[in-house]
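Chemist: For reference, the structure I am asking about is given below.
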Amino acid sequence: MYQPFQIGKRFRVVPPGTPARPGCLDLMMERGAFGSGEHETTHSCLELLEDLPAVQRADLLDLGSGTGILSIAAFRLGAASATCVDISPAAVDNCRHNCRLNGCAGQVSHVTGSLNDLAARNFDLALANIYGDLLLQFAVELAGRVRPGGWLLLSGILWEDNFAVRQEYESAGCRVRRNHMLEEYSTILLQKS
């Protein structure tokens with residue numbers, strides 16, 4: 001068990017069974033898995049999501065979904081559906097569990113694998129809180145999965161990789177809208193041209 005904690009203006013990460021608090025958007029997470037809310041990259045993504053109107057009614061892709069916290073937060077903000085992808089079967093099981101805890105299991109498709117394992121289709125919003133070298137490796141393919149005018153929220157990028165990641169996604173047809181430098185990492189919000 002852990003104590004609930006606040007992220008951004010409205011999000012609150014809580015253990016299962018925590019009573020709701022008026023004005024909060026609760027994200028019910030089991031303790032322990034990476035992506036349960038403590039890391040600075042997760043905080044940054046949640047803060048940027050909270051201020052992104054495009055989340056409402058979005059069909060989103062969550063690459064490296066881990067616990068599913070970013071998708072669950074997007075549902076709290078009005079997203080319509082999500083495809084959560086992770087290479088780890090344990091992470092996919094954990095994401096399924098957390099989606100059930102948060103009442104959004106019916107809106108989520110789970111894929112064990114990578115972008116190559118998805119059927120060809122475009123999304124309104126792509127979330128990827130993974131390592132910068134992977135974001136570089138998948139830049140063209142990930143940007144290609146977002147419809148024109150759609151959004152990409154990327155994090156897990158060490159400071160020294162920030163410029164290279166921005167440059168790669170700009171070359172793939174995206175425009176940087178926000179660039180947050182954190183203590184060790186950075187988060188980039190882009191829009192597909």
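Chemist: So in the range 65-78, with the set limited to residues that are among the aliphatic types (A, V, I, L, M) and buried (at least 24 other Cβ atoms within 10 Å of the Cβ), which one is farthest from D124 (Cα to Cα)? Give the derivation first.
Modeler: Within the range 65-78, the subset among the aliphatic types (A, V, I, L, M) is 69-70, 72-74, 77.
Checking which are buried (at least 24 other Cβ atoms within 10 Å of the Cβ) leaves us with 69-70, 72-74.
Details: I69: 18, L70: 15, I72: 16, A73: 16, A74: 12 Å.
Of everything passing the filter in the range 65-78, I69 is farthest from D124 (Cα to Cα).
Chemist: Could you tell me whether V146 is β-branched (V, I, T) and in contact with a Cys (Cβ under 9 Å, 6 or more places away or on another chain)? Talk me through it step by step, then tell me what you get.
Modeler: Numbers: β-branched (V, I, T): yes; in contact with a Cys (Cβ under 9 Å, 6 or more places away or on another chain): yes.
Yes.
Chemist: Determine the pairs where a residue that is free of Cβ contacts under 8 Å to residues at least 24 places away in the same chain, located within the range 164-193, has a partner that is surrounded by fewer than 20 Cβ atoms within 10 Å (Cβ to Cβ) and among the aromatic types (F, W, Y) with Cβ atoms under 8 Å apart, the partner being 6 or more residues away or on another chain.
Modeler: M181/W159
Chemist: Separate question: Within the range 69-86, count every residue that is in contact with a strand residue (DSSP E or B) (Cβ under 7 Å, 6 or more places away or on another chain) and more than 18 Å from M29 (Cβ to Cβ).
Modeler: Matching residues across the range 69-86 total 4.
Chemist: Here is a further query. Can we say S88 is surrounded by 18 or more Cβ atoms within 10 Å (Cβ to Cβ) and at negative phi? So that I can check it myself, show each step before the final result.
Modeler: Working: surrounded by 18 or more Cβ atoms within 10 Å (Cβ to Cβ): no; at negative phi: yes.
No: the conditions fail for S88.
Chemist: Which numbered condition trips up S171, out of (1) touching a Lys or Arg at 6+ places or on another chain (Cβ under 6 Å); (2) more than 27 Å from A80 (Cα to Cα); (3) polar (S, T, N, Q)?
Modeler: (1)
Chemist: Same structure again: Look at V140 and say whether it is at pLDDT 95 or above and surrounded by 15 or more Cβ atoms within 10 Å (Cβ to Cβ). Full working, then the answer.
Modeler: Values: at pLDDT 95 or above: yes; surrounded by 15 or more Cβ atoms within 10 Å (Cβ to Cβ): no.
So V140 fails the test.
Chemist: So, in the range 156-190, of the ones that are polar (S, T, N, Q) and farther than 17 Å from A54 by Cβ, which residue ends up surrounded by the fewest Cβ atoms within 10 Å (Cβ to Cβ)? First the steps, then the outcome.
Modeler: Of the range 156-190, the ones polar (S, T, N, Q) are 162, 167, 171, 179, 186-187.
Still in the list and also farther than 17 Å from A54 by Cβ: 162, 167, 171, 179, 186.
Values: N162: 18, Q167: 13, S171: 11, N179: 15, S186: 25.
Taking the candidates together, the pick is S171.
The values are calculated or read from the model by the stated rules, or taken from the named source; none is laboratory data. Computed from a predicted model, the values in this text were never measured in an experiment. Methodologically, a virtual Cβ is constructed for each residue, glycine included, from the backbone with ideal geometry; neighbour enumeration extends over all protein chains shown.
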